[in-house]
Structures are given as structure tokens and as C-alpha cells.
Protein chains: 2
Amino acid sequence: MPSTLGPPLRCVDSLPAIDLSSFRPTPDSVPPPNVSYQQSQLQDAPVNYHPLNPFTFILRAALIYSDKLALAHPEGKHSAFYTYRIWAQRIQNLAYALIQAGIRPGDRVAVLSPNSPMIADAHFGVIAARAILTPINTRLTSHEIAYIIDHSDAKLILVDHEYSHLLPTSKVRAVVCHDTGRRGDPYEEFLSSGRKFSRERGWAGLDVETNEDTGAVLCYTSGTTGRPKGVLTTLRGTYLAAIANAVEGQINRQSTYLWVLPMFHAAGWTFPWANVFGCATQIILRSVDYPLIWKHLLHSNVTHYCGAPTVQIGIVNDPAARPLTRPVTAVVAGSAPTPQVIEQLEQLGITPVHVYGLTYTYGPFTRCYDHPFWSDLPLTERARLMARQGQSFATAQEVRVVYPPKHDDDQDMVDVPKDGKAIGEVVVRGNIVMKEYFKNPEATRKAFRGGHFNSGDLAVMYPDGVIAIVDRSKDIIISGGENASSLAIEQELAGHPHVLEVSVVARPHALWGERPMAFVILRPEFISKWAMDHVAFEVELKRHARERLPGFACPEWVRIVEELPKTSTGKILKSSLRKMVAKL
Amino acid sequence: MPSTLGPPLRCVDSLPAIDLSSFRPTPDSVPPPNVSYQQSQLQDAPVNYHPLNPFTFILRAALIYSDKLALAHPEGKHSAFYTYRIWAQRIQNLAYALIQAGIRPGDRVAVLSPNSPMIADAHFGVIAARAILTPINTRLTSHEIAYIIDHSDAKLILVDHEYSHLLPTSKVRAVVCHDTGRRGDPYEEFLSSGRKFSRERGWAGLDVETNEDTGAVLCYTSGTTGRPKGVLTTLRGTYLAAIANAVEGQINRQSTYLWVLPMFHAAGWTFPWANVFGCATQIILRSVDYPLIWKHLLHSNVTHYCGAPTVQIGIVNDPAARPLTRPVTAVVAGSAPTPQVIEQLEQLGITPVHVYGLTYTYGPFTRCYDHPFWSDLPLTERARLMARQGQSFATAQEVRVVYPPKHDDDQDMVDVPKDGKAIGEVVVRGNIVMKEYFKNPEATRKAFRGGHFNSGDLAVMYPDGVIAIVDRSKDIIISGGENASSLAIEQELAGHPHVLEVSVVARPHALWGERPMAFVILRPEFISKWAMDHVAFEVELKRHARERLPGFACPEWVRIVEELPKTSTGKILKSSLRKMVAKL
């Protein structure tokens, strides 16, 4: 297909290919006189009410920073650079194309794509068409994808060419994107089908959704057990969560955000909208490629990126890593960053911001807020404080840690004491909690029992009101009747100088019921040292553990591995490790 | 009264008096175990919905930064310093005290006070009691104050001791505050009356307002003609406007905000809540005192303040002014800053942020957004761009400039061309537009005609979508049939090196209908030069004007004055000048 492509459609090629710093708005450029970002459809709505809708962020950004670089896709086979004005136009075209293709308010539009301009477009264009965006994880099997398409009842699928073979042969219309940004690309032709209506009607031709509680995004959870579940979020929640992420990350018009996190995961934690709310520039990378990440960290004025600790480990240990001359913020979620990672990030000039959340909470719901006096503390102590999951996010309600309710009644939610010891479940409520499990009222009812969303994460609360996750309830290891936190064990083992990454799960034990088993990736420089004698390393690591952990929490078995099974966001799949353990 | 005061009530005196930089949270301080900032009253509300309410900001700030300095009142006769924890407690006490005093949901609670801890408390405590805060301008006459108390039907008045003599002898209960923060002060005793309930019930004992469209603040506009009108805002609007101000000003936990603007004016443009949303420290000054402002700019780590251009003129020209070593942001509203002020601010290390708004729009509704290429422009050109009122604010809908509608129908709202020339009226809509004129449906209907709030400000729109106010419709001077903008004339006259401040109004003229008359305050160093020969200065200024303005816009009369009549926020009262002119 690329060989038959026509000339570039828009200004794509007239902009520099890599050196983003030379991209500057043209002072004297004047928009065509009929360009308007107005939506004047709310004739009957009150003057003083507009439904909260994250899609409106693009209208404002395109109005204020029309000639600013909005979306850079420098590393694709065909690079593309879109200003806010041009990007807004593409989004408008997409909305009209979807409506022309028969998409009606509330319909689901699926997208199966790595990070690309198309999936960025979809985060706005699908919502502008009043449809529900249904992003699909690209690592799923064709079987799982078929299930999601079927369950969501998607009316149309936007699919990246590398993943189109995973689609079921169904009657659902698929629009394939070759990620070229050029004429002849089926996705570009699809956009063109909306252009006629864009020209005639503009933004004013697109009806505004008047109910802000309407569905916005339908994300399917990876589902470590059973079928994936659809998590439906709302326009209001997405608007408020996106603003919170812009506020907490201090993303503004001076920011450049590098896409390391996949946009399909928990709708990219709402950063696709947060970045536009802040009028920032976004750089898209199709995959997590550490040398490419460093190329842009060093040369493209990147100020922000998000990633799980395992991605951060990859970044700080890449050979291209060198100290940055400009402040960069790394938002870390998925699990707590270790002291090693924190130290390495800081030495490179990268400030880690530790947040905690779930797909059910639009991503981040808490943040570990720093205090001035922390800077006087030794690193290990500071890292211990920074590893806690923190307190409620900018637009969240308070987070609680409670003993499990006895009945489905709020009265039974009893907070654990703020002693940093008593373990309870993290429960949350408020505007950045999902609307529902799609088509599953029973699961919704169960998740919302006690008037809160029940996270399934076990935590303690410290006297300063900060929560710290102890473990997922299913990851707790019951060793000789004691509850051992796999996270706490991992944190101690990660402190061993030869350990790059470690994961701990329960393994059945005849005497003790369960005992911890550790899977370890060695630091590259120590691989050869232990290559011929894994037993000696096991002895060494157990010695390290015994000095730091109670007996019941010391790993009974240690296994050196080359890699760990991970989700698309780099979260370690303990379910896979447990399956492996079951076969031993 | 101060002589009979008892010992300090709380930690007030144990904290340093002036040197705010030495105020640090105590790492090992632990809140009492039963402190909770939870509001769990929304039993029947959905898990995923919480009504937007700016009062909740204090709960989150007190949870995260409990031992941080929240409110500093260093310059009162009795200084006071409150941490977030203690301030939140005082707010809770106030809410319970109000409820005990018979205040019911929706009741108005008036406050007549300069900037003080009491009026800061009231911005949260009155809303926590589900009442409507009614701030009264301290510069009003007792007659006007009586009218507002009567019209708002206020059930209780919190009044600063310096203004209690202005209160009508009515049956409305007044709580007098001597601004001491100490036992024996009637306001402190009033707070104490709520403490018993605070202890017993905590935050959980205060019902949450479930409807976010409920009234939050009732501000009376200064009313240059006729009776003052009550502008009612909502909880939702205040929440969203406050977040927008925190976002636009980049107010966060590293910020220290200096109160120069009166909190009673348009509810302090929502900064009382924006600062708490950002978990910032606020420094309170009872009045606009330039030496005191400089003391804190230089020594108290101030990062933000707000003020009209006339206040900025006072700040930059104060003898204490010297370049600051730390970035300070000055939010400027009320009228456009002149190139002189911009240059002087920048030379002192203060970055002006020019915003535009009205009491009806919770304060700022647009901002003049800067662009990177501006830094390459000469100051005069940059100042010309910065003097424009800009584009829609973070949580605002788009602003329009339209020809007046022929009928009360949206269809008749026709946008002026984006040519920077055609003059229309600024109209806005969306979440940060007032709820209504209180008890005045006819005025509300008129203000909302055409489906927008009609601002009464005349503006042009430039090709880049930026609006620039030409004048208030009533301030336009119709000179020889031409429309002369008093603002444009003022901007040119302010460029004369001897002019400190200038205001221009229409004066009737036998031949031309109207002609501009200029009132000028001279720069101190030039006062003596012209003292004995005002006519020579008039000749000189008219020469300056003729080189820059069309004949019909040149002032026909020039008057040197010592001061200009101003509102409490430093806005020049052109109505007073017109009255003066009418007597000439």
C-alpha cells in the first residue's frame, strides 16, 4: 500500500521531520475568515450551563494556539506533524465521517492501534460524533478481540494495519489505517469522506451531547481471570479527570508530552485530553523503544511522560541515558517506584510523580504529595515515603481504607485506624469513578457495594492520612498463617545490588500452606557472574532477605529469569507467574 | 476591646510573626486519630457522582498539607498564622456556629470586612453551612449597605469592627470581628459556639448540598447607575472558575499568594478557593499598602497577586520597589495594562498575566495568551498584543463579539468579522456565567437575551481570534458623528512620559456633540514642572495626541488632577468623572 500513496494531504511534509524545536508558529498566518470553533447548538440549554465534555478542549486549543505543533509523529515510516488547527480539522472530518458511516449517539466505535495519530484523533473525533470510544489492547489474542467487539457491539472499528489480521471476519465495518497520513491510506480516505460536511457545516453542524453523564469511553480490563469486563466512563468524569492530570502534572502550553504509555490503556489515563486541555505538544511513538525515547528526551524538549516502574527501569538503564538539562516529570503508576529507580531518575534530572489508580477511576485517583522537609531526608527514607500511594487527587473525593463491609450497606464500612499497620481495602467514590460495568449490572452492584467503588487493593493508612498499598487481595501470600505482602518482599529484594527487577508470588507448600517464590531479572553486569551457579545466587538473595524480612516472608525459592510476563503497560502479570508455579 | 482580650486561642502565637519562610511543617506531628475530612452524607447519591462544590477544596488541602501555613495575617494589630488543619477547624466551627444561629440552607449570610481571616473563613464556612455568601463592598455608604442587607434578606452579618458603624440599626444579627484571633473577640466567641458540635459530629455532621446548581455567592455590583444589583453564582460555577484561575495562574503547593485585591470584590475573582485548590499559602493584608506589599514581595516568598492596572502602577512606582529574585505572577484585570506598566513590571521580575471578566462571569473569562514569538518583538509591539483581552479561559466556553441582536433570539446574533476593526458587543455563555440577577427575573432575561450573557462591553475581534475591548458601550465618545474609544485615547495619552495615569470621558460640545476630556495624574517627578502652568501641559499633551490620534479623538480639554475617583478594586469611576464634567 505505501508504494501507491499519493502526495501528502496537508502541510505534513512542509514541517521539519525530527527537530521539533525548530517548529514555530507563523506570526502572520491568518485563519480563513469562516473558521469558527463555536458550538452554538445548545439553543435551549441555559446560558449558564454547558455539559462538561473533554472534546471541547480541542476547540479551545485550536482557537488559541492554532499554529502550534499539537501532534508530532516523527518516528513512523511516514512522519507527520499537525498543528492544532489542522488536527482540529482532522478531528472534525473524523466526526462527520463517522456520522456519515451511520454512527449514532451512544454507538460504540472501537479502535485497535498502537500509539498513532489515528488513535489520538479517535479520542476526540469519536466523542465529537457523540459515540463511545472503545479502545482495544493490541496485545490481546484475536479470540479476546472478537469477544470485546461482540460484547461492546461496536458498529465500526478503526484498526492499524499491523493489527488488522487480528480482527474477526465479521460484518462490523473496519477502517484500516496504514499510518501514513497521506492520500491513498484508507483511514485518510475515510477522513476525506467527512470533509465535505466539515466545509459545509463546521463545528456548528455537530450536535452537542446535553447530558454530561453520557458514556465517553468503554475500556476492557485485561481480565486476569475470566472474560474481560467493560468499564464505562462518562463525559463529566473524563473532563474532570483530565483537568486533574493536567493540574497535578503541571501540563501547560510550555509542555511537550512524550507518549510512552499506550493510549488504549485506561484511555491513556486521560492524558490524550489532559495534554490538549494544557495546550501542550504531544510526541507519538508507536512502541516503547528506549533509544527512541532517549532521542526525544535529549533533543525534543520533552517535559512529561508516563510509565509503570518497569518502563522507568528500562529508561534509566538504557545505554543512551544521560543527565537532562531541562526538568522532566515522569508520572509513575502501576506499582510503587523503588529507591533504586527514584535515585536513578533523579540523577538523570527526571522528577518522579507517584500516582495510584485503576481503569475504574479514569487512571490516577491518588498521588503521593511531597513535602518540603523531605528534601532533607536520606534517599532511602525519602524513597520509603515516596513509595506510598498518597492522598486523593485534585478532582477526586477522599479515598478510604476500610474493613470489608459485613452487608451491602455504607454503615458497615469501618475505616482502619491510621496506624500504618491495620490492613483494609481501598474504597473510593466521586466524580472520577466509572459509570458502570457495561451490560453487567450485577458486577456493577458488587463493585459499588457499601456506596463506594471497592478496588480490591489492600492497603494501610498512615497517621498523616497517606495510604500505602500492601497488595492486591489475591496477591497476598498466606505463609504459616501470616499475611505476607508480595509487594513488601519485592521491595526488599529489589534493594539487592544485583537485582534489576523482581516479582514474588505464592507457591503451595506442604508444611506452611504457602511460601513466597521470587522471580528475578539480574542487572546485565551481573548476569555472567551467576550464569553457571544459580544456586549460589539463591543462597545470596535468601541471606539478603533474612536480614530484612520476617521468616515467613523470606522467599523459599528463587528463580533467575530473562524476562517477566507483563501487560501492555508493563505491569507484571502475576497470574501468569502463578500458572507457571502451579506446573512446578 | 483589645485590652480585655484573653490568651491566644490556638497555636497562633507559637508561630513566627513575620518571617514566613521559617514556617515549616513539623515532620513528626500526628493528627489526633479521630480527625477525618470525610463527608459521608451522600448515602443515596450515586457512587460516581459528587456535586461540584468549592468548599470541598479545604477538606483535601487539610488532609494533604495539614501542617502547612495556609493563612498568614502578619500585619494586623494582632498577627495570626493558621495551618490548613487549624484553618479547616475554624471553618468547621463557623459552619456549625451559623447553623446554631438559625442559618438554614439557601439563607444569605452577609460579610462586611476588608481582607481578614474572617472573610477568608466565610468563603468556606458559609458554603459549608449551605448558605449563600453575600460580601459587601466596604466603600459603600451606610445607605447602600442597608439596601443590600434588605434586598438580599441577609439573616446574619459578619462585620469587621472598623465598619460596624455603617450597619443599619436593624433586627438582623451582626457578629462583630475585632480581627484579633483571640479569646474575647466576639467573632472568636461565635466560632467557639460551633466548637462543641464540631467535636461531636465533625465534617460528617454537615449535610452536603446535593444540587451543584445551588447558589454560592451573591455579589452586588457597584451600580454606577441606579440601585446595586445582586449577582448570584452557583457552586458548580465557583468550583470550575476557581480551578481555571489556579490553572491559568499556575497556583500550586509551591505558591504564596498575596492579597492585594479585596476578597469582597466578585468574591475575590474566586482566588479564595483557587488558592486552596492549589494548596497554596495566602498572605492577608487589610488594605492596599504599597510599602507593606513590597515588604512581602521581597521577604515572604510571594509568587502571585492580583490587581487592576492602577494598583500595578502604585506597586511599580513605590520607592521600595526593587528587582525580585524569584518569579512573581501579577494577574491584571479591570482594564488593559499599558506598555509602561508592562515594562516596569517586567523590569522588577514580575510577569503580568492580562485577564478580562466581570462579576457576572465569576471574574476572569478570557486571558491574553502569550506566544513564543512574542519574546522577539519590541516592547511596544508586544505590549500592544498583551493589551488585548484574549481568548476563552480554561473552563469557559468560547467568547463571541456580535452585532446587537434585533430580537431576543440567538439567530440574530451575528459575529463581527475577525478584522480587528468591526465593533460589536462581547457575549459569553457556559459554566462560568452567573446564575441570575437575584430577585430580578426581568433584568436576568434582559442580560441573557439571545442565549448569551450580554456584557455591555464593546470589542473587536482580530484574525487570530483574540478580542480587544474598545470600550464600555456607555464610555464611547461620539465626536462629530465618529465613535471614539475612550480606552484607545487613554492608551495613547498614557504613553506620554510625564503621565502617570489618565482617564478620558465625553464632554458635551456645541459643535461636535461630544468631545473627549482627559483627566491626568502627573508622574511625581514632573508635578513641580507643570505646577504653575497647567495650560502649557495641556498644549504639550494635545501635541502628543495629535501625532497619534485622529482629530475627532484628540482631547479638547485636559485637566491635571491629584487623584481619580476609583472603585474599591482600583477601577476608575467614569460615572463620577462624567458627573463632574456635567457641572463644568
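Out of all the residues in the stretch A:376-384, is one or more of a type outside the set (D, E, K, R) and in contact with a strand residue (DSSP E or B) (Cβ under 8 Å, 6 or more places away or on another chain)?
The answer is no; no qualifying residue exists.
Applying the selection to the stretch B:446-466, what residues are of a type in the set (Lys, Arg) and touching a residue at least 12 places away in the same chain (Cβ under 8 Å)?
The answer is B:449, and nothing else.
This table checks each residue for (1) closer than 24 Å to residue B:418 by Cβ; (2) crowded, with 17+ Cβ neighbours inside 10 Å.
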| position | (1), (2) |
| --- | --- |
| B:329 | no, yes |
| B:338 | no, yes |
| B:341 | no, yes |
| B:351 | no, no |
| B:361 | yes, yes |
| B:373 | yes, no |
| B:377 | yes, no |
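Which one of these is surrounded by fewer than 24 Cβ atoms within 10 Å (Cβ to Cβ) and within 14 Å of chain B (Cβ to nearest Cβ): A:64, A:145, A:99, A:86? Walk me through how you get there before you give the answer.
Numbers: A:145 fails: within 14 Å of chain B (Cβ to nearest Cβ); A:99 fails: within 14 Å of chain B (Cβ to nearest Cβ); A:86 fails: within 14 Å of chain B (Cβ to nearest Cβ).
The unique qualifying residue is A:64.
Count, please, the residues in the stretch B:315-340 that happen to be without any contact (Cβ under 8 Å) to a residue 60 or more places away in the chain and over 19 Å from residue B:251 (Cα atoms).
Going through the stretch B:315-340 one residue at a time, the tally reaches 9.
Conditions tested, residue by residue: (1) over 18 Å from residue A:258 (Cα atoms); (2) among the polar types (S, T, N, Q); (3) at pLDDT below 95.
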site: A:305; (1), (2), (3): no, no, no
site: A:313; (1), (2), (3): no, no, yes
site: A:321; (1), (2), (3): no, no, no
site: A:330; (1), (2), (3): no, no, no
site: A:333; (1), (2), (3): no, no, yes
site: A:357; (1), (2), (3): yes, no, yes
site: A:361; (1), (2), (3): yes, yes, no
site: A:375; (1), (2), (3): yes, yes, yes
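Which residue out of B:430, B:420 is among the small types (Gly, Ala, Ser), surrounded by fewer than 24 Cβ atoms within 10 Å (Cβ to Cβ) and within 13 Å of another protein chain (Cβ to nearest Cβ)? Can you show your working first?
Working: B:430 fails: surrounded by fewer than 24 Cβ atoms within 10 Å (Cβ to Cβ).
Going through B:430, B:420 in turn, just one is among the small types (Gly, Ala, Ser), surrounded by fewer than 24 Cβ atoms within 10 Å (Cβ to Cβ) and within 13 Å of another protein chain (Cβ to nearest Cβ): B:420.
Can you confirm whether the stretch A:399-416 contains a residue that is under 23 Å from residue A:233 (Cβ atoms), out of contact with any Asp or Glu (no Cβ under 7 Å at 6 or more places or on another chain) and either surrounded by 22 or more Cβ atoms within 10 Å (Cβ to Cβ) or away from chain B (no Cβ under 13 Å) (or both)?
Yes, the stretch A:399-416 contains a residue that is under 23 Å from residue A:233 (Cβ atoms), out of contact with any Asp or Glu (no Cβ under 7 Å at 6 or more places or on another chain) and either surrounded by 22 or more Cβ atoms within 10 Å (Cβ to Cβ) or away from chain B (no Cβ under 13 Å) (or both).
List, please: which pairs have Cβ atoms under 7 Å, are six or more places apart or on different chains, and start with a residue in the stretch B:560-576 that is outside any loop (DSSP other than H, G, I, E, B) and end with one that is surrounded by 16 or more Cβ atoms within 10 Å (Cβ to Cβ) and of a type in the set (Phe, Trp, Tyr)?
Sorted first by the residue in the stretch B:560-576, then by its partner, the pairs are B:560/B:530; B:560/B:537.
So, in the stretch A:404-429, how many residues would count as being modelled with pLDDT of 90 or more, of a type outside the set (D, E, K, R) and in contact with a helix residue (DSSP H, G or I) (Cβ under 9 Å, 6 or more places away or on another chain)?
2
Pull up the stretch A:37-54, narrow it to residues that are within 11 Å of residue A:212 (Cβ to Cβ) and facing another protein chain (nearest Cβ under 8 Å), then point me to the one that is modelled with the highest pLDDT.
Step by step, filter the stretch A:37-54, then rank; the result is A:52.
Check whether at least one residue in the stretch B:451-463 is in the same structural domain as residue B:358 (by TED's automatic domain parsing), assigned to a helix (DSSP H, G or I) and within 30 Å of residue B:151 (Cβ to Cβ), and report yes or no. First the steps, then the outcome.
First, the residues of the stretch B:451-463 that are in the same structural domain as residue B:358 (by TED's automatic domain parsing): B:451-463.
Next, from what is left, pick out any that are assigned to a helix (DSSP H, G or I): B:451.
Next cut, within 30 Å of residue B:151 (Cβ to Cβ) only: B:451.
Looking for residues that are in the same structural domain as residue B:358 (by TED's automatic domain parsing), assigned to a helix (DSSP H, G or I) and within 30 Å of residue B:151 (Cβ to Cβ), one finds at least one in the stretch B:451-463, hence yes.
Could you list all residues from the stretch A:218-269 that are within 28 Å of residue A:281 (Cβ to Cβ), hydrophobic (A, V, I, L, M, F, W, C) and within 14 Å of another protein chain (Cβ to nearest Cβ)?
A:235, A:240, A:241, A:242, A:243, A:244, A:246, A:247, A:251, listed by residue number.
Counting residues that are surrounded by fewer than 24 Cβ atoms within 10 Å (Cβ to Cβ), which helices (runs of 4 or more DSSP H) fully inside the stretch B:224-311 reach at least 2?
In the stretch B:224-311, the matching helices (runs of 4 or more DSSP H) lie at B:235-249, B:290-299.
What about residue B:443, is it of a type in the set (A, V, I, L, M, F, W, C), modelled with pLDDT under 95 and in a helix (DSSP H, G or I)? Full working, then the answer.
Values: of a type in the set (A, V, I, L, M, F, W, C): yes; modelled with pLDDT under 95: yes; in a helix (DSSP H, G or I): yes.
Answer is yes for this residue.
Could you say which residue among A:496, A:509 is more than 26 Å from residue A:365 (Cβ to Cβ) and in contact with a helix residue (DSSP H, G or I) (Cβ under 6 Å, 6 or more places away or on another chain)? Lay out the reasoning, then the answer.
Details: A:509 fails: in contact with a helix residue (DSSP H, G or I) (Cβ under 6 Å, 6 or more places away or on another chain).
It is A:496.
Tell me, which residue of the stretch A:346-401 that is of a type in the set (A, V, I, L, M, F, W, C) and in a strand (DSSP E or B) is farthest from residue A:488 (Cα to Cα)? I'd like the intermediate steps shown before the answer.
In the first step, residues of the stretch A:346-401 are kept if they are of a type in the set (A, V, I, L, M, F, W, C); the result is A:348, A:350, A:353, A:355, A:358, A:365, A:368, A:373-374, A:377, A:379, A:383, A:385-387, A:393-394, A:396, A:399, A:401.
Adding the requirement that they be in a strand (DSSP E or B) leaves A:350, A:353, A:355, A:358, A:365, A:401.
Numbers: A:350: 25, A:353: 20, A:355: 18, A:358: 20, A:365: 22, A:401: 18 Å.
Among residues in the stretch A:346-401 that are of a type in the set (A, V, I, L, M, F, W, C) and in a strand (DSSP E or B), the one farthest from residue A:488 (Cα to Cα) is A:350.
Within the stretch B:518-533, count every residue that is assigned to a helix (DSSP H, G or I) and surrounded by fewer than 14 Cβ atoms within 10 Å (Cβ to Cβ).
Number of matching residues: 5.
Being over 25 Å from residue B:369 (Cα atoms), touching a His at 6+ places or on another chain (Cβ under 6 Å) and aliphatic (A, V, I, L, M), is that true of even one residue in the stretch B:284-291?
Of the stretch B:284-291, the ones over 25 Å from residue B:369 (Cα atoms) are B:284-291.
Pick out the ones that are also touching a His at 6+ places or on another chain (Cβ under 6 Å) and you get B:284.
Retained after the next criterion (residues that are aliphatic (A, V, I, L, M)): B:284.
Yes, that holds for at least one residue.
If a residue has to be in a helix (DSSP H, G or I) and within 16 Å of residue B:173 (Cβ to Cβ) to count, how many in the stretch B:111-124 make the cut?
So the answer is 2.
What are the residues in the stretch B:74-88 that are out of contact with any Cys (no Cβ under 9 Å at 6 or more places or on another chain) and either among the aromatic types (Phe, Trp, Tyr) or under 17 Å from residue B:183 (Cβ atoms) (or both), if any?
Answer for the stretch B:74-88, where residues must be out of contact with any Cys (no Cβ under 9 Å at 6 or more places or on another chain) and either among the aromatic types (Phe, Trp, Tyr) or under 17 Å from residue B:183 (Cβ atoms) (or both): B:76, B:77, B:78, B:79, B:80, B:87.
Give me a count of the residues in the stretch B:74-107 that are of a type in the set (S, T, N, Q) and assigned to a helix (DSSP H, G or I).
4
Let's see how each residue does on (1) under 25 Å from the mean Cα position of the chain (by Cα); (2) within 12 Å of chain A (Cβ to nearest Cβ); (3) more than 29 Å from residue B:513 (Cα to Cα):
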site: B:426; (1), (2), (3): yes, no, no
site: B:439; (1), (2), (3): yes, no, yes
site: B:450; (1), (2), (3): no, yes, yes
site: B:469; (1), (2), (3): yes, no, no
site: B:472; (1), (2), (3): yes, no, no
site: B:481; (1), (2), (3): no, no, no
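Return a yes/no flag: does the stretch B:189-205 have any residue that is under 28 Å from residue B:77 (Cα atoms) and among the charged types (D, E, K, R).
Checked against the condition, which is being under 28 Å from residue B:77 (Cα atoms) and among the charged types (D, E, K, R), the stretch B:189-205 yields at least one hit.
The values are calculated or read from the model by the stated rules, or taken from the named source; none is laboratory data. Just so you know, these numbers come straight off a predicted model, no measurement behind them. Reconstructed Cβ throughout: ideal geometry from the backbone, glycine too, with neighbour counts over all protein chains shown.
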